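Encoded as structure tokens, the structure appears first; notes follow it.
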Amino acid sequence: MCDTIVVTKENCRGGQTIFGKASDRAVNEPQPFVYVPAYNHLAGSKVKCTYIEVEQVAHTHAMILSKPSWIWGAEIGVNEYGLCIGNESVFSKEMNVTEQALLGMDIVRLALERSKTAQEAVEVMGKLMERYGQGGNASFDTVFHYDNAYMIVDEKEAWHFETAGKHFWAAKKVSGAYSISNYLSINYPDRMHEDLIANAQEKGYPIEGNFDFAKAYVDWESPINRSGLLRRCCSYQMANKPGRDFTEEDMIGALRAHYSNDPWTDGDSCVCMHAKNPAQPEDVTCQTCNTMIAVCRGRDTVMWGPGMAVTCVAPFQPFWFDAYSKKQVFPYEEMEAAIEQWIRREGINRAIVDGRIPVKEYQKDMQEMEKRWFIQVRAVGESQQERQTLCDSIADEAEAFFDKWLSYASKTEAKPMGSEDFQAFWKKKNSELGKDRRMAL
């Protein structure tokens with residue numbers, strides 16, 4: 001489960017589009033930031049994605065990805081041209097649960113490395129769906145199949161792209177404040193698979209008047225659809241800030257949103273997802289594993305992200321394509337170190353659940369630190385050296401912050417949250433954390 005938000009430039013204080021996504025996955029699944037450089041490839045070569053090979057292109061663009069460690073693709077990414085893409089699980093009547101093909105995360109990465117603009121990415125993704133299709137188990141520690149929806153954003157425009165089954169797709173250009181979650185929500189597409197309507201007619205899906213993609217293809221029997229509908233309503237409301245005054249801080253606030261008095265152990269699904277009571281099976285194995293926002297300025301796009309799970313306790317650090325700390329964004333060949341850093345930071349979440357870190361005091365400390373970082377980023381010049389110095393300084397401050405609170409936790413008696421079932425769930429997950437080191441490169 002995930003949520004993705006875009007607020008286009010006419011609604012933003014700085015006049016630049018802001019993209020953001022929370023990626024919700026299995027609680028023990030590392031999802032660090034990695035940098036993938038641009039490459040030139042040999043003619044006729046292929047690239048191995050998570051399950052299948054696809055034809056390689058002559059040149060692939062540089063990317064910064066928020067990448068589940070075992071998956072070739074990415075949940076969230078930005079390329080060197082400032083193109084941003086994030087995906088969501090959605091559930092249609094056509095879902096492919098038998099054949100291995102491209103995972104939605106593979107399609108995110110393939111589109112980022114092969115496109116310069118949002119419109120070009122829509123074309124690339126449509127062709128990938130039609131030629132190779134989507135399918136395969138997308139879960140780290142269980143079996144979970146789904147279709148995918150995507151937000152595709154550059155400095156000039158934004159597109160919503162949704163899929164149904166192995167090959168069908170639809171896309172719609174959007175503007176203003178817009179969000180997507182875990183259910184099909186494109187009603188009247190601007191572009192679509194040429195056989196999309198004919199297939200719906202053949203299968204007897206509801207078609208009345210103008211073709212409504214979501215109405216025809218959504219599978220309301222999936223309980224996750226209802227959770228996604230609730231979260232989308234809430235994130236959309238938060239993105240619609242009055243006065244066209246939306247900022248980066250507002251995007252982070254939207255991605256940290258809770259709609260429960262007790263987001264840690266119970267309650268309805270939130271944009272900032274916490275693994276909850278085992279009595280709620282759709283929630284229990286899922287938490288926000290990483291988050292990313294981007295202020296879309298083409299090749300000068302600035303990104304913010306924590307590189308850790310549970311957004312409400314995860315400080316957002318800044319980075320650019322030409323300036324980032326290697327303690328935050330890892331070279332692609334250093335995936336093992338990236339996994340170690342994600343697991344280390346996950347210690348904060350586990351200590352809070354265990355009652356060894358006072359969450360309100362921790363959050364106050366974190367938010368004061370973030371405020372300083374926003375002031376520093378807005379004051380920094382365009383010099384690569386100046387930005388690199390700032391990123392390194394902020395990374396050192398972040399590491400000292402984590403050291404302080406992890407040290408505090410190590411000296412504090414545990415007072416675990418929640419019920420006995422909740423505590424047993426986390427005890428099991430803690431014993432398994434870091435044991436699965438599968439890596440896809």
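The values are calculated or read from the model by the stated rules, or taken from the named source; none is laboratory data. Computed from a prediction, not measured in an experiment: that's the story for all the values here. As a convention, Cβ positions derive from the backbone with ideal geometry for all residues, glycine included, and neighbour counts pool all protein chains shown. For the accessible areas, the whole protein counts, side chains as well, though only heavy atoms, and no ligand, DNA or RNA atoms are used. Shrake-Rupley method; radii C 1.70, N 1.55, O 1.52, S 1.80 Å.
Structure summary
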quantity: Percent accessible area from carbon and sulfur atoms, the range 3-116, protein chains only, probe 1.4 Å; calculated: 49 percent
quantity: Three-way shape label, the range 384-441, alpha-carbon gyration tensor, a/c 1.5; calculated: oblate
quantity: Inter-label distance for Ala400 and Lys427, nm, one decimal - labels placed 7 Å from Cα along Cα-to-Cβ; calculated: 3.9 nm
quantity: Relative packing of peptides 90-99, 60-69 - highest average C-beta neighbours within 10 Å first; calculated: 60-69, 90-99
quantity: For a label point 7 Å along the Cα-to-beta-carbon line of Glu123, residues of the range 187-222 with backbone N under 15 Å; calculated: 191-192
quantity: Given charges at beta-carbon only (K, R positive; D, E negative), |dipole| of the chain in Debye; calculated: 440 debye
quantity: Accessible area of the range 145-233 divided out per residue, in Å², using a probe of 1.4 angstrom; calculated: 41 Å²
quantity: Base-10 log of normalised Debye intensity for the range 1-122 (one unit scatterer per alpha-carbon) at q = 0.12, 0.16, 0.21 Å⁻¹; calculated: -0.49, -0.86, -1.33
quantity: 12 Å beta-carbon shell around Ala101, net charge (K/R +1, D/E -1); calculated: -3
quantity: Share of Cα-Cα pairs in the range 125-284 lying beyond 26 Å, as whole percent; calculated: 36 percent
quantity: Rounded to whole Å, sorted largest first: equivalent-ellipsoid semi-axes of the range 75-168, Cα gyration tensor; calculated: 23, 13, 11
quantity: Cα lying deepest toward the dipole's positive end in the range 329-414, options Gly355, Trp405, Ala337, charges on Cβ; calculated: Gly355
quantity: Apportionment of accessible area to carbon and sulfur, the range 269-377, percent (1.4 Å); calculated: 52 percent
quantity: Options Ala111, Ser393, Leu196, ranked by Cα towards positive dipole end of the chain, top entry (Cβ charges); calculated: Ser393
quantity: Whole-percent carbon and sulfur share, accessible surface of the range 174-238, 1.4 Å; calculated: 48 percent
quantity: Rounded to whole Å, sorted largest first: equivalent-ellipsoid semi-axes of the chain, Cα gyration tensor; calculated: 32, 26, 22
quantity: 1.4 Å probe accessible area per residue over the range 340-441, in Å²; calculated: 56 Å²
quantity: Probe 1.4 Å, accessible area per residue of the range 1-57, Å²; calculated: 35 Å²
quantity: For peptides 425-438, 123-136, sequence by mean Cβ density within 10 Å, most packed first; calculated: 123-136, 425-438
quantity: Calculated [θ] (222 nm, deg cm²/dmol) that DSSP helices of n ≥ 4 give over the chain, each run adding -39,500 (n - 2.57); calculated: -10500 deg cm²/dmol
quantity: For the range 334-441, the spread of Cα positions along each principal axis, largest first, Å; calculated: 53, 38, 20
quantity: Low-density loop positions, GluC sites (Glu not before Pro), the range 210-266 - DSSP coil, at most 14 other Cβ in 10 Å; calculated: Glu221
quantity: Hull volume in cubic angstrom per residue (convex hull over the Cα atoms of the range 158-203); calculated: 83 Å³
quantity: All lysines inside 16 Å of Lys429 as judged from Cα atoms, apart from same-chain residues fewer than 8 positions distant; calculated: Lys276
quantity: Note, ³J(HN,Hα) from phi for the range 240-252, Karplus 6.51, -1.76, 1.60, rounded to Hz, x at Gly and Pro; calculated: 7, 6, x, x, 6, 10, 5, 10, 4, 4, 5, 5, 4
